[in-house]
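The next block holds one structure in the form of structure tokens; read it before the comments.
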Amino acid sequence: MKQLINDNYKVTVDRGLIKPSTTYTEFLDKIYEEADELCLSYDYNDFENTKEELADVILTCLNMAKHFNIDIIQEMKNKIEVNRTRI
């Protein structure tokens, strides 16, 4: 998972889509954009595109975490434990 996160971030930086100055708001805007594309693909019953758009949402979130030095793997583990105790 860590390698996937690192590879994804590097590819996106190399494409010039993430810079050191990329802000929290810019990441959120991109997440909203990708989520909208995901919703539209579902609305149009385009399952093949839905899979790609879902991946885009997840990869954008992973890029945001990496950019802001969030250990997203640990945070997901923590959240699973929180969810485990919920009724």
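The values are calculated or read from the model by the stated rules, or taken from the named source; none is laboratory data. Fair warning: this is a prediction, and the values are worked out from it, not measured in the lab. Reconstructed Cβ throughout: ideal geometry from the backbone, glycine too, with neighbour counts over all protein chains shown. What goes into the accessible areas is simple: the full protein's heavy atoms, side chains included, and nothing from ligands, DNA or RNA. Shrake-Rupley method; radii C 1.70, N 1.55, O 1.52, S 1.80 Å.
Comparing Ile73, Ile31, Ile18 in a Gaussian network model of the chain, where Cα atoms under 10 Å apart are tied by springs, the biggest mean-square fluctuation is seen for Ile73. Approximating the spin labels as points 7 Å out from Cα along Cα→Cβ, the Asn69-to-Arg86 distance works out to 3.0 nm. For the chain, the solvent-accessible area works out to 77 Å² per residue, with a probe of 1.4 Å and every protein chain left in place. Shape class for region 6-87, computed from the alpha carbon gyration tensor (a ≥ b ≥ c): oblate, with a/c not under 1.5 and a/b at or below b/c.
With a simple spin-label model that places each label point 7 Å from the Cα along the Cα-to-Cβ direction, the separation between Tyr42 and Ser21 comes to 3.6 nm. When only the Cβ of Lys, Arg, Asp and Glu is charged (+1, +1, -1, -1), the dipole of the chain relative to its Cα centre reaches about 660 debye.
Springs between alpha-carbon atoms under 10 Å, Gaussian network over the chain: tell me which of Asp56, Asp29, Asp43 tops the mean-square fluctuations. Taking springs between Cα atoms under 10 Å, the residue moving most is Asp43. If you keep only loop residues by DSSP, which trypsin sites (Lys or Arg not before Pro) in the chain have at most 14 other Cβ atoms within 10 Å of their Cβ? The qualifying sites are Arg15, Arg86.
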